[in-house]
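Step one of this worksheet: look at the structure below.
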Amino acid sequence: QYLIANLADALSLKNTLATRQFEYVVNCGGYIDHRLFRDGGRSLIQGHFDGVQNLIECLDRGCLIRFVQLGSSDEYGDTQAPQHEEMREAPISPYSVAKAAATHFLQMLWRTEAFPAVTLRLFLTYGPGQSPNRFLPQLIRGCLDDRTFPVSAGRQLRDFCHVDDVVLGILRAFEPREACGQVINLASGRAISIRSMIEQVRRLIGRGQPDYGRLPYRAGENMELY
């Protein structure tokens, strides 16, 4: 059964979830968007951070066993790789600052109210069902169409994690009580350059021509995130 509500609209959410009880909640709400604050970033902060608060206020804690928050490797910002959970966050966008704020908010709730939350920081997730405007779907489509398409120079190092492994990680976060209050990275632990990934996809498909360097790196982008 699907229930439709806007996480950023507290009243709508409360009306939708009233009288409903959940033992396990996985918050996948919000969209990946790296726009600057001046370009509408405040709406991203509201969607991600306010959405978490609104959702928690609507939940019946009496039956809640685990709340899993999907965080982001972007919370680490431009920190030095390899990134680990004990690092202080260094957000570089409204999206990442909202994710980091949600992380601290949930840890505070665990410390002060024993709210059973765990934050899973996802690294570069890929797989079936991914939005067509994300890196790998765009790359695959460009190669399938056998056209020249713009890409960055591709020197970034990234940690790719298949969506099936992410789902397994979420399910495992349901189990141990010790996970509550923790931040856990979900990743492969292996760094791969964006250029290597582009070339691998190109070889598998057998066509397509990436135009390296046509696209600039994102402002503040971490060149090594794994």
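Observations on the structure shown:
- Candidates are the residues of region 166-187 that are open to solvent by less than 70 Å² (accessible area, probe 1.4 Å), modelled with pLDDT of 95 or more and not aliphatic (A, V, I, L, M); the one that is nearest to Gly154 (Cα to Cα) is Asn185.
- Residue count, region 65-118 (criterion: crowded, with 19+ Cβ neighbours inside 10 Å, free of Cβ contacts under 8 Å to residues at least 40 places away in the same chain and hydroxyl-bearing (Ser, Thr, Tyr)): 1
- Against the list (1) free of Cβ contacts under 8 Å to residues at least 12 places away in the same chain; (2) under 23 Å from Ser73 (Cβ atoms); (3) among the aliphatic types (A, V, I, L, M), the condition Leu204 fails is (2).
- Within region 36-54, not a single residue is within 23 Å of Arg177 (Cβ to Cβ), modelled with pLDDT of 95 or more, open to solvent by 20 Å² or more (accessible area, probe 1.4 Å) and in contact with a Phe, Trp or Tyr (Cβ under 9 Å, 6 or more places away or on another chain).
- In this structure, Arg214 does not qualify as more than 14 Å from Ser73 (Cβ to Cβ), within 24 Å of the chain's Cα centre (by Cα) and open to solvent by 60 Å² or more (accessible area, probe 1.4 Å).
- Qualifying residue in region 143-163 (condition: surrounded by fewer than 17 Cβ atoms within 10 Å (Cβ to Cβ), closer than 30 Å to Arg66 by Cβ and of a type in the set (Val, Ile, Thr)): yes
The values are calculated or read from the model by the stated rules, or taken from the named source; none is laboratory data. Remember, predicted model here, so these are calculated numbers, not experimental data. No Cβ is skipped: glycine too gets one built from the backbone with ideal geometry, and neighbour counts run over all protein chains shown. The accessibility values were calculated without ligands, DNA or RNA, using every heavy atom of the protein model including side chains. Shrake-Rupley method; radii C 1.70, N 1.55, O 1.52, S 1.80 Å.
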